[in-house]
Amino acid sequence: MSAPIYLDNNATTRCAPEAVAAMLPFFTEQFGNPSSMHSFGAKVGHAVKAARASLQGLLGAEQDSEIIYTAGGTEADNTAILSALKAYPERKEIITTSVEHHAVLHLCGQLEKEGYTIHRLKVDGKGRLDLAEYRAVLSSKVAVVSVMWANNETGTYFPVVKMAEMARAADVLFHTDAVQAVGKIPLDLRHSAIDMLSLSGHKLHGPKGIGALYLRRGARFRPLLRGGGQERGRRAGTENVPAIIGLGVAAQLAIEHMTEENSRVRALRDRLQAGILAAVPNAFATGDLDNRLPNTLNIAFEYVEGEAILMLLNKQGIAASSGSACTSGSLEPSHVMRAMGIPYTAAHGTIRFSLSRENTEAEIDRVIAAVPPIIARLRKLSPYWGEDGPVTDPEKAFAPAYA
Amino acid sequence: MWDYSDTVKEHFYNPRNAGPLAEANAVGEVGSISCGDALRLMLKVDPGSETILDASFQTFGCGSAIASSSALTEIIKGRTLDEALTVTNQDIADYLGGLPPEKMHCSVMGREALQSAIANYRGEDWKDDHAEGALVCKCFAIDSVLIEETIRANNLCSVEQVTNYTKAGGSCSSCHEGIEEILAKVMAERGESFAPGQPPARKTPGKLSTLERIRRIEDVIARARPNLLRDHGDIELVDVEGKTIYVAMKGACSGCQMEALTLGGIQQQMVEALGELVKVVPVKLAQPA
């Protein structure tokens, strides 16, 4: 088998070799605790400061103290929302969307059980929000708005810059889960009204186990973890120094490759989309195609199931992911596809290809060649598929007794 | 990636008996498109001997759904319809060298397709009586619907009891939060609130007085009655002799197919309430003249 092809970069990325190399000394001779008063600690403290400045640069943040390191995107999301609820205890409402990452959605589900009112903004068939619906629920009863920058499944952007301004005008904190956006598109937080932003190291060729919450200076904040005075008392616990250093390098690399991500990687993604859709009937790309991350492509293959596709792709060394129920072991297909109103027969067959700067044109061409026979093979097994197309009126021709 | 057995993978990569069967005279179609599985099973049955001469399938589903369909057709070919009906979903899973707990429903779908196809051949109506909920206990593959129904049928009020009745939560215990949520919901329906900790019927060290024993037995009966009455049945305490508790099943409960299950549940509660092993035995009451 030829070399494997990794097209699942929205799940995680390979840690850049430069980041790994930079981290290694911090496991060995540079083992000091940055809080210590001696030279062991001081050197490490300086390195953390430099790494923080690098991440600050990637975000376009005004101050390096606006960055609070966390264990990852999930912790940053939880910290942001729970902080807002503690800071504004009299406000019992939260605005979010129906297509957020589970780190936000499941937390909001739990808060709902505890008595909070959750406004989940709906999306249309392309995954777009209706800002009139947002405006209608934005009030002084809302403790925080949490809206993702780019969707992890389709790559679709939400107009978070505009939405943050609307929140500020209503005197409401605005948080964005930008885990998929950071490192892929240029950010300029100092000129935005965004109060809080979550990011994750391993989505941008940094190490796992590190993330950060950007907290605009002056935004009201209550820590999730209390203890030592690390991160200016806003996130207690000894710093994950090697990972912070690795994330610093990854941020620097992301800045250097930002143009490439939005030109060469985008062109590869577009080539993949055009190649597959030209060769496979009854397939369509989901999301807002003109307004999405440069690296993400989500295709719904009708009348076949995603996990089966992934297994056959994997056999040829191609790694992608699916929004089908089976891949997660749940009963429902992806909440993002359901929210967009994608029918079940297509939602179960959604495959996400997410590229990175490490992918090549030769790889993309191999995938374009591999996909059509796999889909054809599975459709041959499908009761919804006839000789060379879907059976006439598939939903009626095959109407099983449903469990 | 799922931890599929080599047999599952082999049947997925090289499915047996896939595609339409032209001379099929029995067709079963089952599935749940919302969970992403649907299966059409086609059989060619010899009318004289009722032997399954050939079988094929078409499946919309994941790797283990396709493998389960393939295995099913291999298992039933050459069997008579009556023999085929004895095939359980566990047989399908065993044939495949096991399935992950999240995927056991694929084997259930195979068995249901078989029942549906045979009903179709015999001109009978087949109805799916198996509702499926979200998987709660991954160790024992127990879903929310089964847990909810068991709590309701037996008036359960603690995680420990749910584990005793369904096995759910009996191993790694990470699903206890989920079980507690279902308990709170069902208990709220019957006007109670869930309280963590000891179930109300504690095991009491030392011997109970006869009066206390009878009281507790009557308590268990009283708690079981509302559910039975709802199903137009009833239960009555007849006598207690040592470790045997005699009860009379009345109305719809008398002769009901579920009688053994109902009594088993009541016996379990008696054991918990009394802190000793007892037997609940049904007796027929003499009909008044």
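The values are calculated or read from the model by the stated rules, or taken from the named source; none is laboratory data. Nothing here was measured: the structure is a model prediction, and the numbers come from that model. Neighbour counts run over all protein chains shown; Cβ positions are idealised from the backbone, glycine included. What goes into the accessible areas is simple: the full protein's heavy atoms, side chains included, and nothing from ligands, DNA or RNA. Shrake-Rupley method; radii C 1.70, N 1.55, O 1.52, S 1.80 Å.
In segment B:246-267, the qualifying residues are those that are crowded, with 18+ Cβ neighbours inside 10 Å and farther than 18 Å from B:Arg152 by Cα, and the one that is modelled with the lowest pLDDT is B:Met249. If you check B:Ala153 against the conditions, is it in contact with a Gly (Cβ under 8 Å, 6 or more places away or on another chain), away from chain A (no Cβ under 14 Å), small (Gly, Ala, Ser) and at negative phi? Spelling it out, B:Ala153 is indeed in contact with a Gly (Cβ under 8 Å, 6 or more places away or on another chain), away from chain A (no Cβ under 14 Å), small (Gly, Ala, Ser) and at negative phi.
Is there a residue in segment A:214-230 that is touching a residue at least 60 places away in the same chain (Cβ under 8 Å), open to solvent by 10 Å² or more (accessible area, probe 1.4 Å) and among the hydroxyl-bearing types (Ser, Thr, Tyr)? No, segment A:214-230 contains no residue that is touching a residue at least 60 places away in the same chain (Cβ under 8 Å), open to solvent by 10 Å² or more (accessible area, probe 1.4 Å) and among the hydroxyl-bearing types (Ser, Thr, Tyr). Looking at A:Ala143, A:Ala178, A:Ala167, A:Ala193, just one residue is among the small types (Gly, Ala, Ser), within 20 Å of A:Gly72 (Cβ to Cβ) and in contact with a Phe, Trp or Tyr (Cβ under 8 Å, 6 or more places away or on another chain), and that residue is A:Ala178. One residue is enough: does segment B:126-137 have a residue meeting the conditions under 21 Å from B:Pro15 (Cα atoms), among the aromatic types (Phe, Trp, Tyr) and not assigned by TED's automatic domain parsing to the domain that holds B:Cys172? No, every residue in segment B:126-137 fails to be under 21 Å from B:Pro15 (Cα atoms), among the aromatic types (Phe, Trp, Tyr) and not assigned by TED's automatic domain parsing to the domain that holds B:Cys172.
When segment B:268-280 is limited to residues that are of a type outside the set (A, V, I, L, M) and buried (at least 18 other Cβ atoms within 10 Å of the Cβ), the one that is farthest from B:Tyr246 (Cα to Cα) turns out to be B:Glu272. For segment B:1-13, the tally of residues that are within 11 Å of chain A (Cβ to nearest Cβ) and touching a residue at least 12 places away in the same chain (Cβ under 8 Å) stands at 5.
Name the single residue that is nearest to A:Phe353 (Cα to Cα) among those in segment A:275-298 being of a type in the set (Val, Ile, Thr) and either open to solvent by 20 Å² or more (accessible area, probe 1.4 Å) or in contact with a helix residue (DSSP H, G or I) (Cβ under 6 Å, 6 or more places away or on another chain) (or both). That would be A:Ile276. The condition of being touching a helix residue (DSSP H, G or I) at 6+ places or on another chain (Cβ under 9 Å) and surrounded by 15 or more Cβ atoms within 10 Å (Cβ to Cβ) holds for A:Leu58.
Results for (1) at the interface with chain A (Cβ under 8 Å from one of its Cβ atoms); (2) at pLDDT below 85; (3) crowded, with 20+ Cβ neighbours inside 10 Å, shown as yes or no for each residue.
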position: B:Gly98; (1), (2), (3): no, no, no
position: B:Ser116; (1), (2), (3): yes, no, yes
position: B:Gly123; (1), (2), (3): no, no, no
position: B:Lys127; (1), (2), (3): yes, yes, no
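For segment A:37-46, the condition holds for at least one residue, the condition being that it is closer than 24 Å to A:Arg216 by Cα and not aromatic (Phe, Trp, Tyr). Which pairs turn up if I take residues in segment A:1-14 that are hydroxyl-bearing (Ser, Thr, Tyr) and modelled with pLDDT of 95 or more and look for partners that are surrounded by 11 or more Cβ atoms within 10 Å (Cβ to Cβ) and assigned to a strand (DSSP E or B) with beta carbon separation below 6 Å, at least 6 apart in sequence or on another chain? Final answer for the pair search is A:Tyr6/A:Ala319. Taking first residues from segment A:273-295 that are not assigned by TED's automatic domain parsing to the domain that holds A:Ala369 and partners that are part of a helix (DSSP H, G or I) and open to solvent by less than 60 Å² (accessible area, probe 1.4 Å), no Cβ contact under 9 Å between residues at least 6 apart in sequence or on separate chains turns up. Could you go through segment A:131-138 and let me know if any residue there is open to solvent by 10 Å² or more (accessible area, probe 1.4 Å), out of contact with any Phe, Trp or Tyr (no Cβ under 7 Å at 6 or more places or on another chain) and part of a loop (DSSP other than H, G, I, E, B). Yes, that holds for at least one residue. Residue-level analysis places A:Lys86 among those that are surrounded by fewer than 23 Cβ atoms within 10 Å (Cβ to Cβ), of a type in the set (D, E, K, R) and touching a residue at least 60 places away in the same chain (Cβ under 8 Å). Restricting A:Gly248, A:Gly218 to those that are part of a helix (DSSP H, G or I) and assigned by TED's automatic domain parsing to the domain that holds A:Leu24 reduces the list to A:Gly248.
When segment B:226-235 is examined, which residues are found to be open to solvent by less than 70 Å² (accessible area, probe 1.4 Å) and either under 22 Å from the mean Cα position of the chain (by Cα) or not hydrophobic (A, V, I, L, M, F, W, C) (or both)? Passing the criteria: B:Asn227, B:Leu228, B:Gly233, B:Asp234.
Could you check segment B:100-114 and list, in sequence order, the residues that are within 9 Å of chain A (Cβ to nearest Cβ) and under 15 Å from B:Ile142 (Cβ atoms)? Within segment B:100-114, B:Pro100, B:Pro101, B:Glu102, B:Lys103, B:His105, B:Val108 meet the criteria. Looking across segment A:62-80, not a single residue is open to solvent by less than 10 Å² (accessible area, probe 1.4 Å) and out of contact with any strand residue (DSSP E or B) (no Cβ under 6 Å at 6 or more places or on another chain).
Residue by residue, here is whether (1) at pLDDT below 85; (2) among the hydroxyl-bearing types (Ser, Thr, Tyr); (3) in the same structural domain as B:Leu263 (by TED's automatic domain parsing) holds:
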{"residue": "B:Ala141", "(1), (2), (3)": "yes, no, no"}
{"residue": "B:Ala153", "(1), (2), (3)": "no, no, no"}
{"residue": "B:Cys175", "(1), (2), (3)": "no, no, no"}
{"residue": "B:Gln198", "(1), (2), (3)": "yes, no, no"}
{"residue": "B:Ile214", "(1), (2), (3)": "no, no, yes"}
{"residue": "B:Asp219", "(1), (2), (3)": "no, no, yes"}
{"residue": "B:Ala224", "(1), (2), (3)": "no, no, yes"}
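Out of segment A:382-399, which residues are within 9 Å of chain B (Cβ to nearest Cβ) and either more than 37 Å from the chain's Cα centre (by Cα) or modelled with pLDDT of 70 or more (or both)? Passing the criteria: A:Ser382, A:Pro383, A:Tyr384, A:Trp385, A:Phe398.
Among the residues of segment A:187-215, those identified as assigned to a strand (DSSP E or B) and not hydroxyl-bearing (Ser, Thr, Tyr) are A:Met196, A:Leu197, A:Leu199, A:Gly211, A:Ala212, A:Leu213, A:Leu215. Any residue in segment B:75-96 that is within 14 Å of chain A (Cβ to nearest Cβ) and modelled with pLDDT of 90 or more? No, segment B:75-96 has no match at all. Of all residues in segment B:17-53, those satisfying the criterion of being surrounded by fewer than 17 Cβ atoms within 10 Å (Cβ to Cβ) and more than 8 Å from every other protein chain (Cβ to nearest Cβ) are B:Pro20, B:Ala22, B:Glu23, B:Asn25, B:Val27, B:Asp46, B:Pro47, B:Gly48, B:Ser49, B:Glu50, B:Thr51, B:Leu53. When each of A:Ala285, A:Ala300, A:Ala308, A:Ala254 is tested for being under 19 Å from A:Arg14 (Cα atoms) and not β-branched (Val, Ile, Thr), the lone residue that passes is A:Ala254. For the structure I just gave you, tell me whether A:Thr360 is more than 17 Å from A:Gly155 (Cα to Cα), among the hydroxyl-bearing types (Ser, Thr, Tyr) and open to solvent by less than 30 Å² (accessible area, probe 1.4 Å). When the stated conditions are applied, A:Thr360 does not pass them. In segment A:168-186 there is no residue matching the filter, namely being part of a helix (DSSP H, G or I) and in contact with a Ser or Thr (Cβ under 8 Å, 6 or more places away or on another chain).
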